[in-house]
Amino acid sequence: MEMLNETQFELTEETRSLTIKGESRLFPVYRIPVDDIVYNRQNGRIATWVSEYESDNGQLPDDVKETNAIIEKFIVNSNPESFNRTKINIDRFGQNNPAVVLKNGVVVDGNRRFTALRQLSQEKGSKYAYIKAVLLDQNDYNSKDIKTLELNLQHAVEERVDYNPIDRLVDLYRDLIAEGHDFSVSEYAAETNESEKKIKDDMEVAELLVEYLDRIQQPLMFHIARQQKLDGPIREIHRMLKKVSEANMIDAKEALFMGLQTLDGDVTRKIRDMKTIVQNPTTLTDFSSKAGAIYDGTEKYLGEEETQKAIRETHTVNIPTDLKNSFTSLVENTIESGKIKSAQKAPIEALKKALDRLDDVEINAAKRMNESDRQSFEQYLDQIEGVVKQLKVDVNAD
């Protein structure tokens, strides 16, 4: 595709402020034909959609028109409601917020606006055949400068709401974890207006997601995570694993990852219910021993050629019903058994709490009480003594 030249385009009276290379300045805005613009294949918002397409069809076509048509669908499908709002708004009021485009035609910011104008120009004519945009020469900036600008714009407060959480994790994985990544944690935190602690936590969640995809023998197939809506469950697993010892980590992950593959309905809540299993070393050891045959059967199933083909076609993981039912029953029985044991120990816990409260009694303060308070104090002691005697009688009664 030919390089865009600002002298070819109409200069508007608008400007847009951008911060790039650490410097904020106003950039002129031009009217650029939408036919001259190219989607950014690396856009974080469509990461899982590109992953899904390439899993089915191989690499995106080299032909610009073909690829634009494909990515247009990704932009629409990634958030149809938000896209329709943008399209209606542009149709009624025009394009209010200029996009950002590189001279090689690639959109850095404004994919949804670009998509809306593409569709409107096809539906309603040449009135919509131009996009207002800042034009940046990519030769003036390195890839990190451009990505920094993209992060800065896409993580603005008003843009965060409709950023699919799995796509956000994929974006973070590319920028901070994958081989050849450009950013440090502190840099990424600054550009996304997040704390370093939040970024580190999200990195751990992203790594956990990658580990899960490896476990189901679908490495880096992030669209499967989007299809399974794994953001909530994987974050719940991340929180739970913080209280698991290193010695028990492998068993805990195996149980929880199996849960992701087999549990239906409110998966986040059901994963949370497994806390009593994975955070109790004795229970976890017993559970893992009983689940061994289920794990082996699942691993064998996932490795079969037919299974791999089915996952590629459906983008979902469907574990055989017998394995799924066996695991679900084991989880439910183990949780129920834990509740029974907990109930059996409830009287002991109540006595421990009562004893702790008695330890709070300050004897020196009691000695200084007036006569009326002392009488009340001794009455309560007599009542406590009576309750203790009765408890001993009751517990030893046939």
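The values are calculated or read from the model by the stated rules, or taken from the named source; none is laboratory data. Treat the numbers as computed from the prediction; the structure is a model and nothing was measured. We place every Cβ from the backbone using ideal geometry, glycine too, and count neighbours over all the protein chains shown. In case anyone asks, the SASA skips ligands and DNA or RNA and just uses the protein heavy atoms, side chains included. Shrake-Rupley method; radii C 1.70, N 1.55, O 1.52, S 1.80 Å.
Looking only at Glu378, Glu304, Glu123, which one moves most when the chain is put into a Gaussian network model with springs between Cα atoms under 10 Å? Maximum fluctuation in the GNM of the chain, among the listed residues, is at Glu378. With the highest mean first, a sort of the peptides 40-48, 356-364, 66-74 on other beta-carbon atoms found within 10 angstrom per residue produces 40-48, 66-74, 356-364. To the nearest ten degrees, helix 143-154 and the longest principal axis of the Cα atoms of the chain are 70 degrees apart. Taking only the alpha-carbon positions of the chain and ignoring solvent, what does the Debye formula give for the base-10 log of I(q)/I(0) at q = 0.08, 0.15 Å⁻¹? Debye output, listed in q order: -0.61, -1.32.
Using a probe of 1.4 angstrom and keeping all protein chains present, the accessible surface of the stretch 44-155 works out to 44 square angstrom per residue.
Arg226 sits among other residues whose Cβ lies under 12 Å from its own Cβ, and their net charge, with Lys and Arg +1 and Asp and Glu -1, is 0. Once Rg and the Kirkwood radius are both taken over the C-alpha atoms of the stretch 1-111, their ratio Rg/Rh works out to 0.98. Helical content alone sets the calculated 222 nm signal of the chain at -20000 deg cm²/dmol, taking -39,500 (n - 2.57) per DSSP H segment of four or more residues and averaging over every residue. The angle separating the long axis of helix 196-215 from the principal Cα axis of greatest extent in the chain is about 90 degrees. Computed from Cα positions, the angle between helix 111-124 and the longest principal axis of the chain comes to roughly 50 degrees.
Distances between placed amide hydrogens fall under 5 Å for Ala99 paired with Lys132, Ala133, Val134, all partners being 5 or more residues away or on another chain. Shape analysis of the stretch 41-167 places it in the rounded category; the axes a ≥ b ≥ c from the Cα gyration tensor give an a/c below 1.5. The overall shape of the stretch 197-342 is oblate: from the C-alpha gyration tensor, with semi-axes ordered a ≥ b ≥ c, the ratio a/c is 1.5 or greater and a/b is no larger than b/c.
Surface listing: Met249, Met3, Met369 arranged by accessible area from highest to lowest gives Met3, Met369, Met249, probe 1.4 Å.
Solvent-accessible area assigned to carbon and sulfur over the chain amounts to 48 percent, based on a 1.4 Å probe. With viscosity set to 1.306 mPa s and temperature to 10 °C, compute the Stokes-Einstein D of the stretch 108-240, Rh being the Kirkwood radius across alpha carbon pairs; µm²/s, no decimals. Approximately 94 µm²/s, per Stokes-Einstein. Using C-alpha pairs under 8 Å with a sequence gap of at least 6, the mean separation divided by the residue count of the chain gives a relative contact order of 13 percent.
Placing R0 at 25 angstrom, the Cβ-Cβ distance between Thr282 and Lys243 gives a FRET efficiency of 0.95 after rounding to 0.05.
Our estimate of slack between Ala354 and Asn84, defined as 0.36 nm per intervening residue step minus the Cα-Cα distance, is 91.1 nm.
Applied to the stretch 27-38, the Karplus parametrisation 6.51 cos²θ - 1.76 cosθ + 1.60 on θ = phi - 60° returns per-residue 3J(HN,Hα) values of 10, x, 10, 10, 9, 10, x, 5, 5, 8, 9, 10 Hz, with x for Gly and Pro. How fast does the stretch 193-279 diffuse by Stokes-Einstein, in µm²/s, taking the Kirkwood radius from C-alpha pairs at 20 °C and 1.002 mPa s? Reported coefficient: 161 µm²/s.
Indicate the gyration tensor shape class of the stretch 262-316 (rounded, prolate or oblate), computed on the Cα atoms with a ≥ b ≥ c the square roots of the eigenvalues: a/c under 1.5 is rounded; otherwise a/b larger than b/c is prolate and the rest oblate. Cα axes put the stretch 262-316 in the oblate bin.
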